[in-house]
1. Does any residue in the stretch 95-120 that is without any contact (Cβ under 8 Å) to a residue 60 or more places away in the chain and of a type in the set (Lys, Arg) come within less than 9 Å, Cβ to Cβ, of a residue that is open to solvent by less than 50 Å² (accessible area, probe 1.4 Å) and not in a helix (DSSP H, G or I) six or more places away or on a different chain, and which pairs are these?
2. Within the stretch 29-42, restricting attention to residues that are within 18 Å of the chain's Cα centre (by Cα) and surrounded by fewer than 23 Cβ atoms within 10 Å (Cβ to Cβ), which residue is nearest to ARG95 (Cα to Cα)?
3. How many of the residues making up the stretch 43-54 are open to solvent by 50 Å² or more (accessible area, probe 1.4 Å) and either among the hydrophobic types (A, V, I, L, M, F, W, C) or in contact with a strand residue (DSSP E or B) (Cβ under 9 Å, 6 or more places away or on another chain) (or both)?
4. For the stretch 127-174, which residues satisfy the criterion of being crowded, with 24+ Cβ neighbours inside 10 Å, touching a helix residue (DSSP H, G or I) at 6+ places or on another chain (Cβ under 6 Å) and among the aromatic types (Phe, Trp, Tyr)?
5. Every residue in the stretch 75-126 that is at pLDDT below 95, open to solvent by less than 50 Å² (accessible area, probe 1.4 Å), outside any loop (DSSP other than H, G, I, E, B) and of a type outside the set (S, T, N, Q), please.
6. Got at least one residue in the stretch 267-276 being modelled with pLDDT of 70 or more, more than 22 Å from LEU213 (Cα to Cα) and assigned to a loop (DSSP other than H, G, I, E, B)?
7. Given the condition touching a helix residue (DSSP H, G or I) at 6+ places or on another chain (Cβ under 7 Å), within 26 Å of CYS220 (Cα to Cα), buried (at least 23 other Cβ atoms within 10 Å of the Cβ) and of a type outside the set (D, E, K, R), answer yes or no: does some residue in the stretch 175-182 qualify?
8. Quick check, is VAL17 open to solvent by less than 30 Å² (accessible area, probe 1.4 Å), assigned to a strand (DSSP E or B), of a type outside the set (Gly, Ala, Ser) and modelled with pLDDT of 95 or more?
Amino acid sequence: MDFGLVLQTDPPASAVVSLMKRAERNGFRYGWTFDSAVLWQEPFVIYSQILANTQKLHVGPMVTNPGTRTWEVTASTFATLNDMYGNRTVCGIGRGDSAMRVAGRAPNTLARLGDAIDVIRDLAEGREAQVDGNPIRIPWIREGKLPVWMAAYGPKALALAGQKADGFILQLADLYLTEWMIKAVREAATAAGRDPDAITICVAAPAYVGDDLAHARDQCRWFGGMVGNHVADLVTRYGEHSSMVPDELTEYIKARHGYDYSHHGRAGNPSTDFVPDEIVDRFCLLGPPEAHIEKLRALRDLGVDQFAVYDMHDAKEATIDAYGTQIIPAINN
């Protein structure tokens, strides 16, 4: 199993680079960041420094979207980083949550997202693609490679991931929901004539190593609120108790009342007081190293290829080090 580190690009950027260097030293192979231009610093500028200060770490957004950047700019940016540092980037992409809503826009449609996946990959790998009806090819790209991994929760999005994406990003670590969603992605891949086992499965969730579960839960409760934004969209689209979406995903948001993006992805987010301890425990990895190892082995048995640690809490360095010294070796040895 591969391991990734997920950070917000809060200033100073040097701190983000330092944590990514620390992650690589501890056996992490991927470095991810949020991508929301208003809330945080521009990630692609910081990726250049991360790549320059690491040797093998692959970097990318978790996740970008097809609405805040034109597709040829996204492709050219990835291709430029790859040309400078080797093919060490991954394009994580979704419909857009904070990046779109903070700017007063609605998330992108799945149709637009599906088109963007094809165009961005083709352009970044040097092939011609249609952009707004015009054929475009980036002429300087040689031997470019850009895997495109799609984030999804709902049934139509899961199907799209199976049909088009190189990887599937699931932003929660609940075992039941992970199994259900991986199955949906793989079935869609098979129906589209693709090899379902060729799709990389990445589960991303907060991890907090320690014996004080109450404190760990409070540090990671924000994650249930972040997931709740997407779940609320699903309930709006499909209704409560829909056969299309498991109740295990939707029940907990009944007490949700709005969401303040100024606290998005941060410990102590006041908009997430509706998230019960049970959801924090199910969605995240908490407790002593042994508890993390047990859940990671269960995720691996479900077909998860990478676990990406959301490291937005008060123990960033300690979590990276604990994974590097105790957890990653136990999983991969």
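1. Once the first residue is without any contact (Cβ under 8 Å) to a residue 60 or more places away in the chain and of a type in the set (Lys, Arg) and sits in the stretch 95-120, its partners that are open to solvent by less than 50 Å² (accessible area, probe 1.4 Å) and not in a helix (DSSP H, G or I) give ARG105/GLY67; ARG105/GLY96; ARG112/PRO66; ARG112/GLY67.
2. ALA37
3. Of the residues in the stretch 43-54, 2 are open to solvent by 50 Å² or more (accessible area, probe 1.4 Å) and either among the hydrophobic types (A, V, I, L, M, F, W, C) or in contact with a strand residue (DSSP E or B) (Cβ under 9 Å, 6 or more places away or on another chain) (or both).
4. Once the filter is applied, which keeps residues that are crowded, with 24+ Cβ neighbours inside 10 Å, touching a helix residue (DSSP H, G or I) at 6+ places or on another chain (Cβ under 6 Å) and among the aromatic types (Phe, Trp, Tyr), the stretch 127-174 yields only PHE168.
5. Of everything in the stretch 75-126, those that are at pLDDT below 95, open to solvent by less than 50 Å² (accessible area, probe 1.4 Å), outside any loop (DSSP other than H, G, I, E, B) and of a type outside the set (S, T, N, Q) turn out to be ALA99, MET100.
6. No, the stretch 267-276 contains no residue that is modelled with pLDDT of 70 or more, more than 22 Å from LEU213 (Cα to Cα) and assigned to a loop (DSSP other than H, G, I, E, B).
7. Checking the stretch 175-182: at least one residue is touching a helix residue (DSSP H, G or I) at 6+ places or on another chain (Cβ under 7 Å), within 26 Å of CYS220 (Cα to Cα), buried (at least 23 other Cβ atoms within 10 Å of the Cβ) and of a type outside the set (D, E, K, R).
8. no
The values are calculated or read from the model by the stated rules, or taken from the named source; none is laboratory data. Please read all numbers here as calculations on a predicted model, not as lab measurements. All Cβ positions, glycine included, derive from the backbone under ideal geometry; neighbour counts span all protein chains shown. With ligands, DNA and RNA removed, areas are computed over all heavy atoms of the protein, side chains included. Shrake-Rupley method; radii C 1.70, N 1.55, O 1.52, S 1.80 Å.
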